[in-house]
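Student: Got a structure for you, questions after.
Nothing in this text is a laboratory measurement; each read-out follows from the coordinates by a stated rule. The structure presented is a predicted model; accordingly, all values stated were derived computationally and were not measured. Methodologically, a virtual Cβ is constructed for each residue, glycine included, from the backbone with ideal geometry; neighbour enumeration extends over all protein chains shown.
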């Protein structure tokens, strides 16, 4: 949270505040619901592998969660895929690498052209429509 504040971002913490076990789908749901309801612009989720958070987050319509493991995947996730939720592994990445991934992901703008068209196609799938009908 300190990193995000230093970068000028206002933070909302939906995470746990104790050492008691927490089920990651609960946190993923809270963050992605806040995102799609316009309460936050983007979300960052962390669990042991990052994969469970990603799976749960993508079940919420309008969330485009992606698991990133390095700076290139973070840049591509934002620019190509317009990812609005970043999922990270606490166990498989160092704190230094997680910070770099977060910095790149937050600083990368979304791309237009073919990338925007593909996002429209993903939205069509969410709506139960055939993406091949989207231009």
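Student: Ignoring everything except DSSP H segments at least 4 long, calculate the 222 nm mean residue ellipticity for the chain; use -39,500 (n - 2.57) per segment, divide by total residues, nearest 500. All intermediate terms of the calculation are to be shown ahead of the outcome.
Tutor: Working: 6 runs with 60 residues, N = 135.
Mean residue ellipticity, 222 nm, calculated: -13000 deg cm²/dmol.
Student: Over all directions, what mean area does the Cα convex hull of segment 1-77 project, stated in square nanometres? It would help to have the intermediate numbers written out before the result.
Tutor: Details: hull surface 22.3 nm².
The orientation-averaged projected area of the Cα hull of segment 1-77 comes to 5.6 nm².
Student: For the pair residue 80/residue 13, report the inter-label distance in nm, with labels modelled 7 Å from Cα in the Cβ direction.
Tutor: In this crude spin-label approximation the distance works out to 3.5 nm.
Student: What angle do you read, to the nearest 10 degrees and between 0 and 90, between the alpha-carbon axis of helix 114-126 and the longest principal axis of the chain?
Tutor: Roughly 90 degrees, rounded to the nearest 10.
Student: While we're on this one: What percent of all Cα-Cα pairs in segment 2-133 falls in each 5 Å bin, counting up from 0?
Tutor: Result, from short to long distances: 2, 11, 19, 23, 23, 13, 6, 3, 1, 0 percent.
Student: In degrees, nearest 10, range 0 to 90: what is the angle between the Cα axis of helix 95-107 and the longest Cα principal axis of the chain?
Tutor: Between helix and principal axis, roughly 40 degrees.
Student: Report the relative contact order of the chain, percent, no decimals, based on alpha-carbon pairs under 8 angstrom and at least 6 residues apart. Provide the component values of the computation, followed by the final result.
Tutor: On the way: 184 pairs, mean separation 26.7, N = 135.
It comes to 20 percent, rounded to a whole number.
Student: I've got another one for you. Explain nothing, just the number: relative contact order of segment 59-133, from Cα pairs under 8 Å at least 6 residues apart, as a whole percent. Each step should come with its number before you reach the end.
Tutor: On the way: 82 pairs, mean separation 25.1, N = 75.
In percent, rounded to a whole number, it is 33.
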